[in-house]
Amino acid sequence: MTMPSFVPGLELSRRFYLEAVRPLLDEAVPGVGHSAARLGSGSEVLGFDTARSADHEWGPRLQIFLSSRDAACHGARITALLSERLPKTFCDYPTHFAPTDEAGIGVMRATDGPVHHRVEVTDPGAWFTAHLGFDARKDITLADWLATPTQRLAEVTAGAVFHDGLDQLAQARANLDWYPHDLWLYLLACQWQRISQEEAFVGRCGEVGDELGSAVVASRLVRDLMRLCLLMERRYPPYSKWLGSAFASTSQAPALTPVLTAALAATDWRTREHHLARAWTAVATAHNQLGLTDPVDPATRPYHARPFQVLHAERFTTALTARITDPDISSLPTIGTVDQFVDSTDVLSRPELTRAATRATVCSSESPGTSR
């Protein structure tokens, strides 16, 4: 099947709602309030979709939100009506999603029968709970924040709301707009702590002839720095596929990208360390410009008595934690949210697993130590 000229997914979904879905809703359930949006998973929600995205789970799709009572009364009927009455194509894209070899994954295909569409009819409470593990319309607990991957938070606060007749989506998204201030300080502190734990290992691996190990550590540190820059700019870091794309739009990216690229391209640990030291100083200077703590010296220095140049990033952790006034947050171990101690996209994509992992970890009274 030849695809038409690419239309960004959010624009396609907006037009699909207004021109194809909304008229059928008005006919089927006149007077019933609803909201419509394109939120959740999908590259288009974050604005990173391209023509390549059309190979699975991309196309004319959105959520229709009804009150819980109306969803129970009318949801199945609306879903069936859309299946029968939606156009087979919209803007030259098929509205039918055929199954693939992967369970639950569909791809746009032409059909002569009913349309297996991607218009999800649900209620806000059920949708938020399924996607996040809690209802964002209500008070958000500390455990909720800690257990929710930043990718999930980005998927709910990005995207687009086309109509908010229920007057609930805007408030829920505002509730999730960013972390409470003390929790933000805590997450920044934990991200600096991650860096402090490995910053000397670039040189230590290289010193014993393990350039591959040194390069692996450097790549981990580059990723941590990119995530730190996003957190500093109050933006939820997406998961690895889109981390570089999101970082590219930060204020620090123009200056840092060539430095981080040079660190990753280096073939010896001294060159690698040199470029990372430049990056440490740049990000440390940006930290001071935020004014969240008293100024912290951004210069690098030797790692104790060893000949490795580091920032001693734990100094920033100390400065940030000193500014936290919430006793529930200040008593947490410096390991952060689930993203900061779990490195598995499978776990991070399942709210029930992230919440279990977080509950198990925050019960710990000690954070991982750093070995010299």
Handout entry: Within the stretch 54-122, strands (runs of 3 or more DSSP E) holding 1 or more residues that are of a type outside the set (G, A, S) and in contact with a helix residue (DSSP H, G or I) (Cβ under 8 Å, 6 or more places away or on another chain)
Key = 61-65, 106-108, 118-122
Problem - the stretch 285-300 - residue that is out of contact with any helix residue (DSSP H, G or I) (no Cβ under 7 Å at 6 or more places or on another chain) and within 21 Å of T250 (Cα to Cα) and, of those, surrounded by the most Cβ atoms within 10 Å (Cβ to Cβ) - result: N288
Problem - Failed condition for H56, given (1) closer than 19 Å to F97 by Cα; (2) touching a Lys or Arg at 6+ places or on another chain (Cβ under 9 Å); (3) open to solvent by 20 Å² or more (accessible area, probe 1.4 Å) - result: (2)
Exercise for the section: Pick out the one residue from L212, L142, L176 that is open to solvent by 10 Å² or more (accessible area, probe 1.4 Å), free of Cβ contacts under 8 Å to residues at least 60 places away in the same chain and of a type in the set (A, V, I, L, M). Expected result: L212
Fill in the blank from the handout: Going through (1) buried (at least 22 other Cβ atoms within 10 Å of the Cβ); (2) touching a His at 6+ places or on another chain (Cβ under 8 Å); (3) small (G, A, S) one by one, A266 fails only at (1)
Exercise for the section: Being open to solvent by 20 Å² or more (accessible area, probe 1.4 Å), among the aliphatic types (A, V, I, L, M) and either within 30 Å of T271 (Cβ to Cβ) or not in a loop (DSSP other than H, G, I, E, B) (or both) is the filter here, so list the residues in the stretch 301-347 that pass it. Expected result: A305, A319, V347
Exercise for the section: Pick out, from the stretch 134-192, the helices (runs of 4 or more DSSP H) lying fully within it that include 2 or more residues that are over 27 Å from G33 (Cβ atoms). Expected result: 142-147, 150-157
Exercise for the section: Could you please find all residues in the stretch 58-75 being of a type in the set (F, W, Y) and over 13 Å from A36 (Cα atoms)? Expected result: W58
Handout entry: Pairs with Cβ under 9 Å, 6+ apart, first in the stretch 24-36 and within 13 Å of R85 (Cα to Cα), second among the small types (G, A, S) and open to solvent by less than 20 Å² (accessible area, probe 1.4 Å)
Key = L25/A36
Exercise for the section: Provide a single number: the residues in the stretch 275-300 that are outside any helix (DSSP H, G or I) and either under 25 Å from the mean Cα position of the chain (by Cα) or in contact (Cβ under 8 Å) with a residue 60 or more places away in the chain (or both). Expected result: 1
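The values are calculated or read from the model by the stated rules, or taken from the named source; none is laboratory data. The structure presented is a predicted model; accordingly, all values stated were derived computationally and were not measured. Virtual Cβ from ideal backbone geometry, glycine too; neighbours counted across all protein chains shown. We work out accessible area using only protein heavy atoms, side chains counted, and drop any ligands, DNA or RNA first. Shrake-Rupley method; radii C 1.70, N 1.55, O 1.52, S 1.80 Å.
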